[in-house]
Amino acid sequence: MSQPFRLDHGGRVDRDTPLQFTFDGRPIDAFRGDTVASALLANGVTLVGRSFKYHRPRGIVSAGAEDPNAFVQLGHGARTLPNRLATVTAATPGLKVRHVNAWPTLEYDVMSAFGLVAPFIPAGFYYKTLMWPRRLWPLYEHFLRHAAGLGHAPDAPDPDRYDHVHAHCDVLVVGAGPAGLAAARAAARAGARVILADEQAEAGGSLLSTHERVDGLPAPRWADATTTELAATRGVTVLPNTTAFGLYESNLVLLAERLITDQPDSAGSENGARVWRVLPKQIVLATGAHERPLLFANNDRPGVMLAGAISTYVNRYAVAPGSRAVLFTNNDAAYRTALDLTDAGVPVAAIADVRSDPAGDLSSEVRAQGIAVHAGAVVRHAQGGRRVAAVELCSLDGAPLGAVECDLLGVSGGFAPALHLHAQARGPSEWDPTLAAFVPRGANGIHPAGAVAGQLGLADALRQGTQAGSTAAAAAGCSNGSDLEVPRANESTQAFIQPYWLPPGGLARAKPQFVDLHEDVTLDDLRLSLREGFESIEHVKRYTTLGMGPDQGKLANPLATGVIAELLGRDPASVGTPRHRPAYSPVSLGAIAGRHIGPLADPVRVTPMQDWHEAAGARFENVGQWRRAWYYPQPGESMHEAVARECLAVRHRVGILDYSTLGKIEITGPDAGEFLDRVYTNAWKRLRPGRCRYGLMLGEDGMIFDDGVTARLDDQRYLMFTSTSNAAPVLASLEQWLQTEWPDLRVYLTSVSEHWSNIALAGPRSRDVLAAAGTDIPLDRRDFPFMTFRQGHVAGVQARVFRISFSGELSYEINVPADCARHVWEALVDAGRPFGITPYGTETMHVLRAEKGFIIVGQETDGSVTPDDVGLGRLLSRRKDFLGKRSLSRPDSVRPDRKQLVGLLTDDPNQILPEGGHVVDSPGPRRPLPMRGHVTSSYFSPVLGRSIALAMVTGGRAALGERLYVATLHDNRWLPARSCHPVFYDPEGARQHV
Amino acid sequence: MQFYSLPNLIRRGLRGHRDWTPAWRKAQLRPSYDVIIVGAGGHGLATAYYLAKLHGVTNVAVLERGWLGGGNIGRNTAIVRSNYLWDASAHIYEFSLKLWESLSQELNYNVMFSQRGLLNIAHSEQELHDLARRVGANRLNGIDAELLSTEEISKRVPVLNTSPDTRYPVLGGTLQRRGGVARHDAVAWGYARAADALGVDIVENCEVTGIRTANGRVTALETTRGEIRAGTVGLVVAGNATVLASMAGIRLPILSHPLQALVTEPLKPVFDPVVMSAAVHVYVHQTDRGELVLGAGIDAPVSYDLNGNFRIIEHVLAAVCELFPIFSRVRMLRQWAGTVDVCPDASPIISGTPIKGLFMNCGWGTGGFKATPGSGWVFAHTLAHQEPHPLNEPFSLDRFTSGALIDEHGAAAVAH
Amino acid sequence: MLLIPCPWCGPREDDEFTFGGEADFPRPAEPEALTDEQWADYLFMRDNRRGRHREQWCHTAGCRRWFIVERDTVTNEILGAGTYGGSP
């Protein structure tokens, strides 16, 4: 088929570059410069989709992003693009276009049977039925679910990558139609940095579809010349294919730029996207206006199009969307379309004009062409099935005026400014009765110009655009005194519109008359909604789904406002529109996510020894952002076996742990001790330099926030260790207290977590290993006792060595500068080889500390645990205040039946209790069953040769030895256990003191 | 009340649906009521319904500042579940879930409660541990809960990326089969219609501007439509609780934040259950219309603004693309926010106040929608008896003084 | 998005900052002297004001200083900023 509806001259398509794509497998010939929609029309394809609910045949309505019908699926596989609009998709060679939401074919769609029962499934029918029998709802729902939806999701991960651009400018101009181009030009000439964004492939907007002239040039050529001038101007960025989709507070504007490749594939030429976050000083809003449809019976038939869209197809794409046209209007715009059609050789059979006296130049020109103008007439009904075949006209009081055969019906119900962005940011707007539409008012650095501001005439738009660009530039501080030069065009009188919302009298009863084509919301649906009391525009929207389709109701909402106002007998201004929400046009999730996916979804933090751990075959676990060595299985070893080996190595010989992830905060200044006294529960001022102490930090609510060891490095300097995942929150909290509550304290906090790596040697031979690695620190137990620290060198590297222990064994935590850590680690491993040194991971660390009954914040505690609950009441100073102290005397904090930390020993020593398993006194089938608490940590202890567990149990400390049962998590079994003191190994603590 | 049924739909359909009557009356405001409920959202309307239905209190007005259901009931992501950690929460949410299961029939209004199952996925050992604890508690509280392996999750949601080499590997998760979603607006409309049928006056566009008290008792409300007397007043105004409470001189432990959500364009069905990940602040399900509904985390600053910070959307969509790589090319259609009132322990306040006759039901944070029926039930009891129902006794305002908090941060799915 | 006017660094996107809640809640000098109610008031009760709101922000990804911002919580308009002592 070779484009029977292509006009033989004119248009902006490149006739020298023919191309072919497919629609449902059928080849479609097109030219470069076509959209999918213009090419389909050129080939006489008018049925492009089925409606969402009734599956009625639907055609192309518009030539832009407002189209409610032309949703198609592009390409296939991983690169498929669901629900794209044929009206904004460039025709490219090899493109594969498929229909959505019809089965088995677009022509014969079995789901069009919904149309037969349409009288019984009006808006909200599902609220009134499908309730019985209750158990069948899943079946009903399954059916509804599969009937709904449009396109198909891709079947494999997205191969495209998306970037974000962060930009600042003086003036952002949204829309490159006449007003936008004029504004950008004026602002640029004033010296402003300008970004000009337009959603179409080329700048120009309505200029590309008109025969009018600007500055003596045909309008499209003026648009081209102006765009070229702008693009060549320093400081000006012209962004075609770029939709401004969101306007947020601080006038942050989000643009989605579709990237175009010159090597298109089956999904077309769109090759990823960029999201621009623009913070302009001023915004010129030149987003134009959407033509409004009109109501009549079967107003959804393919072949019914917006009049302006017809002009665009004729003038810009050189396509005749039909062979015989009728126009239906309430304003002057359709007359221009009539002239465009006549020029193109498409006969216009009639114009039905709502107005009783359509006077003016355009009207006379049309009459001079011999076109029949029916004043005071309306279309009552469009005949035809898959395409309009004829329209029935009648007078405003319903008197039939006969039928007119046609295959194209152009409608124009006036224009609604595209104020979406402005309204998203809650910019003010007013009802303009002469336009019968809401018009935005400028505010907060936003300057509406052109059609969006109600200036529908070309000369007016150019004038207002120039003014807005100049004003915006001046407001942004750019003014170089250059004269304002307004592009000249023929003056035209502003179109006079006679609002026509509801067909009068009996006509209004004809059906179906669609208000929202995408959602199949009819006039009757709106009536039903109002009848049932859903009168607020938001109620109407939610009850009927008006405007909830992927077109966001761009055409439907402005029409609905007028219709509802008339049905209710109210002023449209008081009816309003549903709240405008981003995005103006849909934006892909991937584009919004940008590069923050894969490894960049969240930074991965690793220690300097990461390569070593990997080479040693470690398995890793994620702890916050950190990747930590979990255990080091040897070939053929299970996790259980590996952990058992690591545990015994530490208990009997020596182990080495990469503990660099611990948070480290240096606290310096004359008042550092006083500061610690306030934030820790115990006393610090008298801690001697060179000594370490365990500290507990509470929230003001009295609950354990963090714990760790702090060392006094010298008189005015302390080093605080925090738990790995609390490093940032602890620092933030300390800073907040210091700066906002205690600015009088002379204390400075510095995070040194990343600067110092921490290597823990643990086990009876750790002293030997440290000595063998070479150190100038005396290691004798008298010179370097438990809970002290020394500075010196280890393996030739400056080090801070802390004799502290999280395993209960003789242990040294060796802090070295991070860039030397790998060297020291390897030196220790080498030196330890004769002693059987074994690297161990976090799992072994957990087992070892659980054997000793040491808590882990976040595991034994959950934000509802006080120090006394975990047996650390001795760390609460009575002599001083500290954060959270007051909360510990609240009634609930002193309840005797609080949950307390106990140990649990199963009757079967090989039975490992499930962590998270709950503890009860007496098992049984009753639900709810009273619970005493839960297992917080549970392991097999290799050194004890049996399982051990820690648990939080109500009143547990007073009843040690009691019989308890733990519920399993997967099956309904009960594991018997007895409570015990939570220190299982070396209760005297002798081993760490050796 | 006109009965909703298929035969009625057909019968009236044959007459062009011309004889349907309003779902609820535009009630004439009277000068005095036994009980006034402020806020015609889900919880307020449910309270009114159960007051009339269970306690015979029908001289009730529900006052609404704007349009009925325009607050959080119309802005949430419609998720229903009861898998909460602590006993007090588990009991009230499970009670609510049981009401959900027959709510359409109870109200003669199809709220489209769809028990498509709810998956919580874990990305770290710590999260697995926390989920296990929750499952353990749920099972003993009589709430259906299962631990799932990565393979089982993959089988249920094949489009979820469960490969081990992602930034957020799925290590396991939990399933509540009885969890799911409901049509949120319909819940408000269904309760409004049913309450109205029992004689409750629902008055829209009536804003409360003051609370009158005498001798420590509430006596009347000042509104934009004049003064209305009542001895019992229930404030059920999510997003405005502190504002209303301050009119009576009451301070609350509540902070208001925007919580954002978004929907995508409609797609043919791609997955069934609700999937939630607390670590990356994502919850997602596919509606019956085919849209993906995505919830995000809350904005950190206190704000009553209804736009929210776009940065949150970027973060949540990055996580979504990481978890569901095939959704990357699907497009965001609409994004919005609601105001959530968050308590320090992420649990609500359903309680009397220092002023006699004045009660509050607030602070539901992100969890309000799922609790709607149960919350209405216990609050109606509280208003009718002037003392709490056993289920809401733990949710008193006093707990912030005694310290008996119910810390559900782990279960709230989004980090407060 | 908020443009937060850090008194030390100038206006920056809110992404660089940490919100610290309502300002002007000094920690009681003698917590032990308070009743449970008074302590709860300090601990939990907030004005949560609709409208003008004085609040704490920290320029976490910048100078790490805490400072005070006055903001309208309905419009998110920023009305002013101040320091905890010292001047930029």
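The values are calculated or read from the model by the stated rules, or taken from the named source; none is laboratory data. Since this is a predicted model, take the numbers as computed values, not measurements. Note that we place each Cβ from the backbone using ideal geometry, even for glycine, and neighbour counts take in every protein chain shown.
Residues in segment A:231-260 that are within 14 Å of chain C (Cβ to nearest Cβ) and more than 16 Å from A:Ser585 (Cβ to Cβ): 5 in all.
I want to confirm something. Restricting to segment B:262-296 and keeping residues that are away from chain A (no Cβ under 11 Å), over 17 Å from the mean Cα position of the chain (by Cα) and of a type outside the set (Ser, Thr, Tyr), which single residue is surrounded by the fewest Cβ atoms within 10 Å (Cβ to Cβ)?
Of segment B:262-296, the ones away from chain A (no Cβ under 11 Å) are B:273-278, B:281-283, B:285, B:293, B:295-296.
Within this subset, residues satisfying the condition of being over 17 Å from the mean Cα position of the chain (by Cα) are B:273, B:275, B:277-278, B:281-282.
This time we only want the ones that are of a type outside the set (Ser, Thr, Tyr), so: B:273, B:275, B:278, B:281-282.
Values: B:Pro273: 23, B:Val275: 26, B:Ala278: 22, B:His281: 18, B:Val282: 26.
Here the answer is B:His281.
Annotation note: Cβ proximity below 9 Å between a residue of segment C:26-47 that is among the hydroxyl-bearing types (Ser, Thr, Tyr) and a residue that is in a loop (DSSP other than H, G, I, E, B) (sequence gap 6+ or interchain) occurs for C:Tyr42/A:Glu700; C:Tyr42/C:Phe25; C:Tyr42/C:Pro26; C:Tyr42/C:Arg27; C:Tyr42/C:Pro28; C:Tyr42/C:Leu34.
Only strands (runs of 3 or more DSSP E) whose full extent lies in segment A:902-990 are considered here, and the ones with at least 1 residues that are hydrophobic (A, V, I, L, M, F, W, C), under 18 Å from B:Ala132 (Cα atoms) and touching a residue at least 40 places away in the same chain (Cβ under 8 Å) are A:918-920, A:946-954, A:963-967, A:974-980. When you scan segment A:712-725, do you find a residue that is among the aliphatic types (A, V, I, L, M) and surrounded by fewer than 20 Cβ atoms within 10 Å (Cβ to Cβ), even just one? Yes; the residues of segment A:712-725 include at least one that is among the aliphatic types (A, V, I, L, M) and surrounded by fewer than 20 Cβ atoms within 10 Å (Cβ to Cβ).
Rundown of residues vs (1) in contact with a strand residue (DSSP E or B) (Cβ under 7 Å, 6 or more places away or on another chain); (2) outside any loop (DSSP other than H, G, I, E, B); (3) touching a residue at least 60 places away in the same chain (Cβ under 8 Å); (4) closer than 19 Å to A:Tyr659 by Cα, yes/no style:
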{"residue": "A:Ser757", "(1), (2), (3), (4)": "yes, yes, yes, yes"}
{"residue": "A:Gly792", "(1), (2), (3), (4)": "yes, yes, no, no"}
{"residue": "A:Arg800", "(1), (2), (3), (4)": "yes, yes, yes, yes"}
{"residue": "A:Asn815", "(1), (2), (3), (4)": "yes, yes, yes, yes"}
{"residue": "A:Asp819", "(1), (2), (3), (4)": "no, yes, yes, yes"}
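Scan segment C:34-59 for residues that are more than 7 Å from every other protein chain (Cβ to nearest Cβ), in a loop (DSSP other than H, G, I, E, B) and surrounded by fewer than 19 Cβ atoms within 10 Å (Cβ to Cβ) and jot them down. Once the filter is applied, which keeps residues that are more than 7 Å from every other protein chain (Cβ to nearest Cβ), in a loop (DSSP other than H, G, I, E, B) and surrounded by fewer than 19 Cβ atoms within 10 Å (Cβ to Cβ), segment C:34-59 yields C:Thr35, C:Asp47, C:Gly51.
B:Ala261 meets each of the listed conditions (1) of a type in the set (A, V, I, L, M, F, W, C); (2) in contact with a Cys (Cβ under 7 Å, 6 or more places away or on another chain); (3) not in a loop (DSSP other than H, G, I, E, B) apart from (2). Per the listing A:Val411, A:Val391, A:Val379, A:Val366, the residue uniquely modelled with pLDDT of 95 or more and either over 45 Å from the mean Cα position of the chain (by Cα) or surrounded by fewer than 19 Cβ atoms within 10 Å (Cβ to Cβ) (or both) is A:Val391. Identification of helices (runs of 4 or more DSSP H) wholly contained in segment B:1-105 with 2 or more residues that are under 17 Å from the mean Cα position of the chain (by Cα) and away from chain A (no Cβ under 13 Å) yields B:42-55, B:87-100.
Beta carbons closer than 8 Å, at least 6 apart along the sequence or on distinct chains, pair a first residue in segment A:54-73 that is closer than 25 Å to A:Gly124 by Cβ with a second that is at pLDDT below 95 and among the β-branched types (Val, Ile, Thr) for A:Phe71/A:Val100.
Note on segment A:582-612: among residues that are closer than 23 Å to A:Leu252 by Cβ and polar (S, T, N, Q), the one that is nearest to the other protein chains (Cβ to nearest Cβ) is A:Ser588.
Of everything in segment B:81-100 that is closer than 16 Å to B:Glu146 by Cβ and charged (D, E, K, R), the residue that is surrounded by the most Cβ atoms within 10 Å (Cβ to Cβ) is B:Arg81.
Against the numbered list (1) in a loop (DSSP other than H, G, I, E, B); (2) modelled with pLDDT of 95 or more; (3) of a type in the set (Phe, Trp, Tyr), B:Trp189 comes up short only at (1). Suppose we keep only residues that are surrounded by 15 or more Cβ atoms within 10 Å (Cβ to Cβ) and touching a residue at least 60 places away in the same chain (Cβ under 8 Å) within segment C:72-88. Which one would you say is farthest from the chain's Cα centre (by Cα)? Here the residue is C:Asn76.
Just one of the listed residues (B:Gly234, B:Gly210, B:Gly199, B:Gly216) is crowded, with 24+ Cβ neighbours inside 10 Å and of a type outside the set (Phe, Trp, Tyr), and it is B:Gly234.
Can you say whether A:Val366 is in contact with a strand residue (DSSP E or B) (Cβ under 9 Å, 6 or more places away or on another chain), assigned to a strand (DSSP E or B) and within 29 Å of A:Gly457 (Cβ to Cβ), as far as the supplied structure shows? So A:Val366 fails the test.
Residues in segment C:15-32 that are more than 17 Å from C:Arg54 (Cβ to Cβ), outside any loop (DSSP other than H, G, I, E, B) and within 9 Å of chain A (Cβ to nearest Cβ): 2 in all. Checked across segment A:946-955, the condition of being small (Gly, Ala, Ser), facing chain B (nearest Cβ under 10 Å), under 42 Å from the mean Cα position of the chain (by Cα) and on the phi < 0 side of the Ramachandran plot holds for no residue.
Listed by position, the helices (runs of 4 or more DSSP H) enclosed by segment B:306-416 that each have at least 3 residues that are touching a residue at least 24 places away in the same chain (Cβ under 8 Å) and under 30 Å from B:Gly56 (Cα atoms) are B:372-385.
For segment A:178-194, check the following and say yes or no: at least one residue is in a strand (DSSP E or B), away from every other protein chain (no Cβ under 14 Å) and modelled with pLDDT of 95 or more.
yes
When A:His420, A:His447 are checked against the criterion of being within 14 Å of chain B (Cβ to nearest Cβ), crowded, with 24+ Cβ neighbours inside 10 Å, modelled with pLDDT of 95 or more and within 38 Å of the chain's Cα centre (by Cα), A:His420 stands alone in meeting it.
Of note, A:Glu430 does not satisfy the criterion of being away from every other protein chain (no Cβ under 14 Å), assigned to a loop (DSSP other than H, G, I, E, B), on the phi < 0 side of the Ramachandran plot and not aromatic (Phe, Trp, Tyr).
This table checks each residue for (1) in a strand (DSSP E or B); (2) facing chain B (nearest Cβ under 9 Å); (3) over 28 Å from A:Ala309 (Cβ atoms).
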site	(1), (2), (3)
A:Asn83	yes, yes, no
A:Thr87	no, no, no
A:Val97	yes, no, no
A:Met131	no, yes, yes
A:Trp137	no, yes, yes
A:Phe143	no, no, yes
A:His146	no, yes, yes
A:Ala156	no, yes, yes
A:Arg161	no, no, yes
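Can you pull out the residues in segment A:190-206 that are crowded, with 23+ Cβ neighbours inside 10 Å and at negative phi?
A:Ala190, A:Ala192, A:Val194, A:Ile195, A:Leu196, A:Ala197, A:Asp198, A:Glu199, A:Ala203, A:Ser206 - these are the residues of segment A:190-206 that are crowded, with 23+ Cβ neighbours inside 10 Å and at negative phi.
Counting only helices (runs of 4 or more DSSP H) that sit completely within segment A:453-558, those holding 1 or more residues that are within 14 Å of another protein chain (Cβ to nearest Cβ) and surrounded by 21 or more Cβ atoms within 10 Å (Cβ to Cβ) correspond to A:523-531, A:537-544.
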